[in-house]
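Each reported figure results from applying straightforward, stated rules to the coordinates on display, with no laboratory input. Just so you know, these numbers come straight off a predicted model, no measurement behind them. Using ideal geometry, Cβ is built from the backbone for each residue, glycine included, and neighbour counts are taken over all protein chains shown.
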């Protein structure tokens, strides 16, 4: 069963996942955990370098890098997907393709706004969605944007730049648009959680939804 949790920085998504993993461990239930930047792939060192100095992956090398960066994320996504495509047990994804599309959309737009950025982005989107694995349940975790920024600054012990703060709102809109497409067009079962709520209560909501879908692992 593929369980995907999405939410931008500071949404409370990872806190919910950590509580869920503790609950599964306490009950000796086997699962695979996938974090987009921590799962062991050949591109892991490159991704770590890309996000080292910013919430958003921008190498800032003095030339357009967004297409390169975006394709690195896409390649990493497909590596993980193919590794786990036939996994029979529970797989918990801490972010997946929706975050890739949401995070890269405005970065591509900013670099290619004068040369039909939509064409670049749509081509990238097709690459990411190619032969997409089945998602059994999508969980979207959100808080007000100001809270996303506050939590991110506390976590990283730094102050977000004006540009980063502006990007948070755009990012949230991009991610939510993709979540709605997943739910309405791709027909992926989806639930929406408030990241300010008690994590244990949110886990119970996830459990009930999994049960309603016939899942037997949570």
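A crude spin-label estimate for the pair residue 51 and residue 213, with each label 7 Å from Cα along the Cβ direction, gives 2.3 nm.
Once the Cα atoms are used to define both axes, helix 145-156 deviates from the longest principal axis of the chain by about 90 degrees.
Output the relative contact order of the chain, whole-number percent, from Cα pairs under 8 angstrom with separation of 6+ residues.
35 percent
The angle between the Cα long axis of helix 97-112 and the longest principal axis of the Cα atoms of the chain comes to about 10 degrees, rounded to the nearest 10.
Between residue 79 and residue 33, 0.36 nm times their residue separation minus their Cα-Cα distance comes to what?
Working: separation 46, 0.36 × 46 = 16.56 nm, distance 1.49 nm.
Full extension of this stretch gives 15.1 nm more.
Highest mean packing comes first when the peptides 115-124, 26-35 are listed by Cβ atoms within 10 Å, giving 115-124, 26-35.
Going by average Cβ density within 10 Å per residue, which order do the peptides 36-42, 145-151 take, highest to lowest? Don't jump to the answer; show the numbers that get you there.
Working: 36-42: 14.3, 145-151: 17.1.
The most tightly packed comes first, giving 145-151, 36-42.
Okay, helix-only estimate at 222 nm for the chain: each DSSP H run of n ≥ 4 adds -39500 (n - 2.57), divide by all residues, round to 500 deg cm²/dmol; what do you get?
On the way: 8 runs with 118 residues, N = 218.
My calculation for the chain gives -17500 deg cm²/dmol from helical runs alone.
With the simple spin-label model, which puts each label point 7 Å out from Cα in the Cβ direction, the residue 198 to residue 21 separation comes to 2.3 nm. FRET efficiency for the pair residue 166 and residue 43, taken as 1/(1 + (r/R0)^6) with r the Cβ-Cβ distance and R0 = 22 Å, rounds to 0.20.
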